[in-house]
Number of protein chains: 2
Amino acid sequence: MIGAKLGQQLARAGSLGGRSIDHLHLADIAEPGTQLTAGFEVETVVADLARPEVASRLVAERPETIFHLAAVVSGEAEEDLDKGYRVNLDGTRCLLEAIRALDGDYRPRLVFASSIAVFGAPLPDVIGDDFRTVPRTSYGTQKAMCELLLSDYTRRGIVDGVAIRLPTISVRPGTPNRAASGFFSSIIREPLNGRVATLPVPEEIRHWHASPRAAVAFLVHAATIDSGLLGDERCLTMPGVSVTVAGQIEALRRVAGADAVGLIRREPDPSVLEMIASWPREFDTSRASALGFRAEETYEEIIGVYVEDELGGTLPVAGP
Amino acid sequence: MIGAKLGQQLARAGSLGGRSIDHLHLADIAEPGTQLTAGFEVETVVADLARPEVASRLVAERPETIFHLAAVVSGEAEEDLDKGYRVNLDGTRCLLEAIRALDGDYRPRLVFASSIAVFGAPLPDVIGDDFRTVPRTSYGTQKAMCELLLSDYTRRGIVDGVAIRLPTISVRPGTPNRAASGFFSSIIREPLNGRVATLPVPEEIRHWHASPRAAVAFLVHAATIDSGLLGDERCLTMPGVSVTVAGQIEALRRVAGADAVGLIRREPDPSVLEMIASWPREFDTSRASALGFRAEETYEEIIGVYVEDELGGTLPVAGP
């Protein structure tokens, strides 16, 4: 989803960091839903990055910038240990090794989409930039291992890596994915589309959000920033909005009215609650902010992005 | 070296955690220097753990306790990226996967020898138990990745893992290995044996030490402790002695006199200094101490262990 939106953004801009784009190579395990139209050459590859020859083929033309978003999401990585490690860890390692195998002074900017799932309980109310990465899920473990790899390969001069820990992305468009965090989006998206949504946790649950548009902006900024400013610290927690579920619902009420809010059904699910209770609630992202990464300021803005980008700016249900 | 000493200790004790040992399987990439004699069956395997079939064969008999010490040391892991990742990371992963592949309720205690190299600059004077693991070497990266793997496989019930971050082990017997920290041992060992030693760094350099005997005791304690006491925190920094090079030399003087100290040649090496300057100096290991892990209290004790265990209790050079 973020990858597709990034592709659209690059196509719209036609350039990255002030340099025009000649060629975009899109690789995914699945056929893309829609074809990207751009003013530059777009090549789509359906392949498994965790196979070394695939990674080699992808980097053979020595792209200057690589965005590595590939991921088995949290729920699936927890259910299928093999698949999670193979795609999330081995895929990243194959990519790094394919880059290393190229001789000469090839050293691409590699932007890696990490996750706040690298942080696990016990967590403070506000997590600082230097907080330890001790995940409590296989997904978070795989992301934390990739951060370590990226940092080491960067230190060794093989890539110019930047890992950005994305907040939970909301409001996600489309249908729910297998991420355990899916309800954070669906309690907003479904009512905005006149459909019922299920809320499995109490309204006091606080979490860390940014819009898909902010996520794309993070990726672009990570690709274009002077990486000398990062020094050895190549892993950055991205800014976001810390909001309770109650705050999300209040924002929904302000944007779409009480009828929309009425579509949310409370169906407490202890297993989801247990998982979510150990998740991050808020971050101090001073480092990323100082480096120019920007997210929304309020959850209402985040809903506004969904309405603009996914609903063409108008609400299917009656407003207040 | 630690593996051989652990084998000797197990042979002497004949038991582990109050239970008698039936069978000891020793696996190493190289033929052991001396054969272990014990009151139980000892099997020696020379094999490469990073080959999946080797790991499978090693765990086929379902050992109750596995000590995983295998490592390409820091200097070599920095020189040979392929070998370091293959042995230090893939070897550990193959072992975990081989255990997972066994059906039934097999869940061995897996004691993993990690390292304080998981911590990298910038470092505080005293590093606490919750300090972030951001290594600055490939060796430290590989150890940190293994800690993440071990924690995840433990959380998932595949192993009952305990990772112990060993201090720099001194006084190492024998000849220097390729660890960058080798001089910390050789400035003591060589003079004690009447030989000249080279000191490549200033005497103000402070570092974190424990004896080989303490390291073996850590491993045995990690193998026998009630792991329920650890909860989810499976990675523990081990206690040690924080001492400057000057303090080491003063301890040498007290143990072996001025003549021994006179055998240390100052030959500053900026490349060693640069590496060492970013190394840990001291830890607060409250967690491990509360769990009963014990090291020496002074560097003089550490020298005493070398004299007892390696020199039969007497000094080849004249005492003070």
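Applying 1/(1 + (r/R0)^6) with R0 = 56 Å to the Cβ-Cβ distance of A:Leu315 and B:Leu123 gives a FRET efficiency near 0.60. In plain terms, if you count all Cα to Cα distances in region B:24-88 and split them into 10 Å steps from zero, the share in each step is 18, 46, 28, 7, 0 percent.
For the residues A:Glu31, A:Glu233, A:Glu147, a GNM of chain A with alpha-carbon springs under 10 Å puts the largest fluctuation on A:Glu31.
Over the residues of chain A, the helix contribution to mean residue ellipticity at 222 nm works out to -11500 deg cm²/dmol, using -39500 (n - 2.57) for each DSSP H run of at least 4.
Considering just Cα atoms, how many Å³ per residue does the convex hull of region A:2-310 enclose? Kindly include the intermediate steps, with their values, before the conclusion.
Details: hull volume 38.6 nm³, N = 309.
Convex hull of Cα atoms, per residue: 125 Å³.
FRET efficiency for the B:His23 to B:Val46 pair, using the beta carbon distance and R₀ = 22 Å, is estimated at 0.80. Considering only B:Asp48, B:Asp103, B:Asp226, the mean-square fluctuation computed in a Gaussian network model of chain B, springs between alpha carbons under 10 angstrom, is largest for B:Asp103. When each of the peptides A:4-15, A:205-216, A:264-275 is scored by how many other beta carbons lie within 10 Å of its residues on average, the order from highest to lowest is A:205-216, A:4-15, A:264-275. A point 7 Å from Cα along Cα→Cβ stands in for A:Pro32, and the other copies hold the same point at 5.8 nm, listed in rising order.
Take each residue of peptide A:135-147, count the partner chain Cβ atoms within 10 Å of its Cβ, and average: the result is 4. Please enumerate, by chain and number, the lysines with C-alpha under 22 Å from the C-alpha of A:Lys143, excluding those fewer than 8 residues away in the same chain. Correct list for A:Lys143: A:Lys5, A:Lys83, B:Lys143.
One quarter of the convex hull surface, Cα atoms only: what value does that give for region B:23-169 in nm²?
On the way: hull surface 39.3 nm².
Answer in nm², one decimal: 9.8.
Couplings 3J(HN,Hα) of region A:16-30, computed from phi: 9, x, x, 10, 5, 8, 8, 8, 10, 10, 9, 10, 8, 6, 10 Hz, in residue order, whole Hz [Karplus 6.51 cos²θ - 1.76 cosθ + 1.60, θ = phi - 60°; x for Gly and Pro]. Three principal axis extents of the protein assembly as shown based on alpha-carbon atoms, in descending order, are 94, 52, 42 Å. Other protein chain C-beta atoms within 10 Å of residue C-beta, averaged over B:151-159: 4.
Label-point spacing for B:Pro124 across the identical copies (point 7 Å from Cα in the Cβ direction), in nm and ascending order: 1.0. 3J(HN,Hα) couplings calculated from phi for region A:124-141 with the Karplus curve 6.51 cos²θ - 1.76 cosθ + 1.60 (θ = phi - 60°) are, in sequence order, x, 4, 10, 9, x, 5, 9, 5, 5, 9, 10, x, 10, 9, 5, 4, x, 4 Hz; Gly and Pro show x.
Place the label 7 angstrom along Cα→C-beta at B:Asp82 and in each other copy, then list the distances from the first to the rest in nm, shortest first. Spelled out, the distances from B:Asp82's label point are 2.8 nm.
Against chain A, whose longest principal axis is taken from its Cα atoms, helix A:299-310 shows a tilt of about 70°.
In whole Å, how far is the Cα centre of region B:1-35 from that of region B:247-320? Distance between centres, Cα-based: 26 Å.
Each of A:Val261 and B:Asp284 was given a label point 7 Å from its Cα along the Cα-to-Cβ line. The distance between the two points is 4.5 nm. Applying the Karplus relation 6.51 cos²θ - 1.76 cosθ + 1.60 with θ = phi - 60° to region A:90-104 yields 3J(HN,Hα) values of 5, x, 5, 5, 4, 4, 4, 5, 5, 5, 4, 5, 7, 7, x Hz, where x marks Gly and Pro.
The Cα atoms of region B:242-320 give a gyration tensor whose axes a ≥ b ≥ c have a/c of 1.5 or more with a/b no greater than b/c, which makes the shape oblate.
Any read-out appearing in this document is the output of simple, stated calculations on the displayed coordinates, not a laboratory observation. What you see is a predicted model, and the numbers here were worked out from it, not measured in a lab. Reconstructed Cβ throughout: ideal geometry from the backbone, glycine too, with neighbour counts over all protein chains shown.
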